[in-house]
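For reference, the structure discussed in these notes is given below.
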Amino acid sequence: MQQLSPIAARAAAPATLPAITAGALTWRPASLDDVSRVTALNNTMAEADGAPYRETEDETREELGAPWRDLEHDSLLGFDAVGELRAAAFVATFPGDVTTVRAFAFGGVHPARRGEGIGREVLAWQLARARQVLAASGRELPGRIGTYAEDDDPAPRHRMYLHAGLEPRRYFSDLKRPLTNGAADIPEVALTGSLRLVPFSDEVDDATRLAHNDAFRDHWGSQPQTMEQWTSGRSEFAPEWSFVVVDDEPDVAALLADDETDASTRAALEAGAPLVVAYALNSRFAADFPVRGYSFGYTDVLGTRRAYRGRKGALAALAESMRVFAKDGMEAAVLDVDTENPSGAQGLYASLGYTKEHGSTMYTIEL
């Protein structure tokens, strides 16, 4: 492995952050009192850009109020002369990062104020602040600054990212599977051995997190989630639509002997906790129904422990999720997938009738 220079050197953080002067806006950090303003701005931008989603105030509140967020230093809101929010800049980091330390930029400019150079200066502030955050982390790991753009976003946004030194790094597909025939054409998936499909519950929540961390160890860009991260942002989560697969008779000795079994999973196995081996956790984003023109169940995370791949656990959990979506009157099942997912997920989704409806790109600076 290539020897890395110190993160402080690689991040090349500026001593001071660039001022945002374009548009003559007044800037201050965000607070939880700004939830309704930020939600309204985000939705106005999404509508103007043709994005296939809208945000609720609960989602914004969860996002801004995450315990690890530092709004005082990692956010700016720009107001016009009459006090209307016209632009926002946020930088987000995550406490669970262990192999790559990351900082993500999000925000934007109200459609009525675009073309004034505000967006370029907002992005410059975000990138500078991201460099400061990474440099101050003290974590001697590879670093990444990232942001996202929908493929249908206005071209200037993509050009702006490229001009600022961000490169397209990863591509994601938003997939839809119609449920027009209800559950009639959803396959029945038989599990073998000691595997058993069960509804999601609080009792298996942390076990599911451990399964997710194991399942995504070999996925590009994925980092382990702490319990704090895992349970954050659940305002739209639908536990009644979610399922996990457990192994009633796991080979504990083999799992403990596996050098890749993480410490948290080892502790859970030694304590006799249930071993979740696959999962499908789903949400109900009702605010998006009128935007897309149909109702749907959304699969947030789907995965299988690496040692259990090929045993159809995730397929069984997803198929059961789809059946429940259909039973509750949803017109489609939707999910998002990395186009280079190493687990063969794209083939699984295609076999179930999922097809691409939208796409997005992750832009990054690798440090």
Please give the per residue accessible area of the stretch 18-133, computed with a probe of 1.4 Å over protein heavy atoms only, in Å².
-> 42
Mind checking which of P95, H158, F106 is farthest towards the positive end of the chain's charge dipole, using Cβ charges of +1 (Lys, Arg) and -1 (Asp, Glu) about the Cα centre?
-> H158
Sort E62, E270, E228 from largest to smallest accessible area, using a 1.4 Å probe on the heavy atoms of the protein chains.
-> E270, E228, E62
What number, rounded to the nearest 500 deg cm²/dmol, is the helix-based mean residue ellipticity at 222 nm of the chain, given -39500 (n - 2.57) per DSSP H run of at least four residues and division by all its residues?
-> -9000 deg cm²/dmol
Just the number, please: percent antiparallel of the DSSP beta bridges in the stretch 209-367, rounded to the nearest 5.
-> 75
Ranked by accessible surface with a 1.4 Å probe, highest first, in what order do R28, R10, R196, R159 come?
-> R159, R196, R28, R10
What size of dipole, in debye to the nearest 20, comes out for the chain about its Cα centre when the only charges are +1 on Lys and Arg C-beta atoms and -1 on Asp and Glu C-beta atoms?
-> 980
To the nearest 20 debye, what is the magnitude of the charge dipole of the stretch 240-339 about its Cα centre, counting +1 on the Cβ of each Lys and Arg and -1 on the Cβ of each Asp and Glu?
-> 380
Residue-normalised accessible area of the stretch 252-367, given per residue in Å² at a 1.4 Å probe = 41
Go through A326, F216, F200 and say which Cα lies farthest out towards the positive end of the charge dipole of the chain; charges sit on Cβ, +1 for Lys and Arg, -1 for Asp and Glu.
-> F216
Using heavy-atom solvent-accessible surface (probe 1.4 Å) with all chains present, what is the largest-first order of K327, K356?
-> K327, K356
Roughly to the nearest percent, how much of the accessible area of the chain is carbon and sulfur, given a 1.4 Å probe?
-> 51
Test item: Cα-centred dipole of the stretch 122-281, Lys/Arg +1 and Asp/Glu -1 on Cβ, debye | 1120
Once normalised by the length of the stretch 139-282, the mean sequence separation of its alpha carbon contacts under 8 Å that are 6 or more apart gives a contact order in percent of 27
Roughly how many whole Å is it from the C-alpha centroid of the stretch 52-125 to that of the stretch 246-265?
-> 40
Counting Lys +1, Arg +1, Asp -1, Glu -1, what net charge surrounds A184 among other residues with beta carbon under 13 Å of its beta carbon?
-> 0
Keeping all protein chains in position, work out how much accessible area I186 exposes to a 1.4 Å probe, and write it in Å² to the nearest 10.
-> 10
Can you grab the distance from the C-alpha centre of the stretch 312-367 to the C-alpha centre of the stretch 175-192, Å, no decimals?
-> 13
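The values are calculated or read from the model by the stated rules, or taken from the named source; none is laboratory data. Computed from a predicted structure; not experimentally measured. All Cβ positions, glycine included, derive from the backbone under ideal geometry; neighbour counts span all protein chains shown. The accessibility values were calculated without ligands, DNA or RNA, using every heavy atom of the protein model including side chains. Shrake-Rupley method; radii C 1.70, N 1.55, O 1.52, S 1.80 Å.
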